[in-house]
Amino acid sequence: MVDVKNLLEYNEEVRHRYFDALTKLPWDELVKNREASFHSLRNIFIHTLGAIDYWLDFLLKEQLHSHREFDEYNSIEDVRRYMQQVEARLHRYLDSFSSKELLKKYTRTNDAGENIEITAEDVLIHVFEEEVHHRGEIIGLLWQIGVEPPLMGWKNL
């Protein structure tokens, strides 16, 4: 069985490969509206970081999530700083609890307006899935501009 912490560590490694690939593109390629979910490569990448940040607020009962608009990220360094901030916050969270705490229950209203009960582990798996979903979108957009995406196989398979 895969440990959720290991899954998120793997996800971070892959995120860095994709970030490195994005750093090689001209800024105008990163911000170009490609009619995707969040329009540009920059925005999609930032959205995945924002999802982690949002769910950490939920789990930690905090309000630290950056509510900056996509256009406020004016350079790849701005994006890097946000990525580092979110990753540091996630590491602090993951390092602060035992595996028993993954089973801590929370009540949440879902998109259908229903109150549901979820665990911390459910939230962390959702965070992983959200990023993988949008990474697939980034892959397609990179292919459209003739860029081969980085490898992302589990444990380098």
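Just so you know, all these numbers are worked out from the coordinates, no wet-lab data involved. Quantities reported herein were computed from a predicted structural model and do not represent experimental measurements.
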Exercise for review: Enumerate the calculated ³J(HN,Hα) couplings along the range 68-82 in order (Karplus 6.51 cos²θ - 1.76 cosθ + 1.60, θ = phi - 60°), each rounded to whole Hz, writing x wherever the residue is Gly or Pro.
Suggested key: 5, 6, 3, 5, 7, 8, 9, 7, 5, 5, 4, 5, 4, 4, 5
Review point. Let a ≥ b ≥ c be the square roots of the eigenvalues of the Cα gyration tensor of the range 4-150; is it rounded (a/c under 1.5), or, if not, prolate (a/b larger than b/c) or oblate?
Key: prolate
